[in-house]
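Data first, discussion second: the structure below is written as structure tokens.
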Amino acid sequence: MHFTWEDRRALPGAGLISELKLAVPWGHIAAKAWGSLQGPPVLCLHGWLDNANSFDRLIPLLPQDFYYVAMDFGGHGLSSHYSPGVPYYLQTFVSEIRRVAAALKWNRFSILGHSFGGVVGGMFSCTFPEMVDKLILLDTPLFLLESDEMENLLTYKRRAIQHVLQVEASQEPSHAFSLKQLLQRLLKSNSHLSEECGELLLQRGTTKVATGLVLNRDQRLAWVENSIDFVSRELCAHSIRKLQAHVLLIKAVHGYFDSRENYSNKESLSFMIDTMKSTLKEVRRG
């Protein structure tokens, strides 16, 4: 496995940016890097249907003596789509992290994960605990626990299979939109997102064609519930005990958890925090 450098450019306050392409069997994983190769490595993981540009405004605010690499998950951003017939599962996203670490020759590094990226990063940190020294979760649970979602689990799995078959059977070309149309759609679906942040995501998440812009993401990616694993509390507690990383959980005001009225989601978060507090040497809650 190897990687190539695409280009290098400067961003005020964030150091030098490099575009990377990491070779994988189905194509490549795209990533962008800030800072010096000599700095302590930090892998940045974006949320569902987002891309590496999620970190463009954050990285300049962080200490500049680290080496930050933000990857696009498969089917997102500038990364290759999975091969036809191959589904997107949480475990495959976890394996992508291992592939990226191997390509960059990282034996130990920190993970900064937002939303879905935090779930993937958390699972990786428990599966390969010796490789992660710090785990920073931005408005994300460490795991998604079984609760009332169990009632819908088979429905999710059935819907995922049907959706993939429909997309593969249709073979419809991607629809082209104007930037304004895509931005309106994105902001309508994400009321907390600013116009500036929306434009950043679309900058990496679209490709220009003769008739406008088309979304880069794989059409098989639709609902996050189709690619996540719900775990029992017993498995959650067992996994947390395997962690070797220092954990920082940042819960945003008016963020994911505050915007969800479902009591079980908040109760599950409390369970995970209590479990981490009783298990790990240090847990910081911001």
Potential lengthening between L37 and S178 on full extension [0.36 nm per residue; Cα-Cα distance subtracted]: 47.0 nm
Spin-label model distance (nm) - H163 vs S278, 7 Å beyond Cα toward Cβ: 3.5 nm
Positive minus negative residues near M131 (Lys, Arg vs Asp, Glu; Cβ under 15 Å): +3
Computed over the chain: relative contact order in percent, which uses C-alpha pairs under 8 Å that are six or more apart: 18 percent
Exposure of D72 as accessible area (Å², to 10), given a probe of 1.4 Å and all protein chains: 0 Å²
Cβ-defined net charge surrounding L213, 15 Å radius [Lys, Arg +1; Asp, Glu -1]: +4
Entries of K105/K208; K21/K157; K21/K242; K134/K277 with Cα pairs more than 22 Å apart: K105/K208; K21/K157; K21/K242
Point-to-point label distance, K188-H238, nm (Cα→Cβ direction, 7 Å offset): 4.5 nm
Cβ-Cβ FRET estimate between D229 and E19, R0 fixed at 25 Å, reported to 0.05: 0.20
Dipole magnitude (debye, nearest 20) for the chain, charges at Cβ of Lys, Arg, Asp, Glu: 440 debye
Within the chain, helix-based [θ] at 222 nm, where runs of 4 or more DSSP H residues each add -39,500 (n - 2.57), nearest 500: -10500 deg cm²/dmol
Segment 32-159, dipole about Cα centre (Lys/Arg Cβ +1, Asp/Glu Cβ -1), debye to the nearest 20: 420 debye
Span-like helix ranges in the chain, DSSP H, alpha carbon extent 20 angstrom or more, Kyte mean at least -1.0: 90-104, 153-170, 263-279
Summed side-chain charge close to G198 - residues other than G198 whose Cβ falls under 13 Å, Lys, Arg +1, Asp, Glu -1: 0
Rough spin-label spacing in nm, given labels placed 7 Å along Cα→Cβ, for S95 and E151: 3.5 nm
Accessible carbon and sulfur surface of the chain relative to its total accessible area, %, 1.4 Å: 54 percent
Reported label for calculated volume of the Cα convex hull per residue in Å³ given (1) 137; (2) 147; (3) 204: (1)
Sequence ranges 163-175, 40-52, 17-29, ranked by mean other-Cβ count within 10 angstrom, highest first: 40-52, 17-29, 163-175
Heavy-atom surface of the chain, accessible at 1.4 Å and reported per residue (Å²): 51 Å²
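The values are calculated or read from the model by the stated rules, or taken from the named source; none is laboratory data. Remember, it's a predicted structure, so these values are computed and weren't measured experimentally. Note that each Cβ is placed from the backbone with ideal geometry, even for glycine, and that neighbours are counted across all protein chains shown. Protein only, heavy atoms only, side chains kept; ligands, DNA and RNA dropped before computing areas. Shrake-Rupley method; radii C 1.70, N 1.55, O 1.52, S 1.80 Å.
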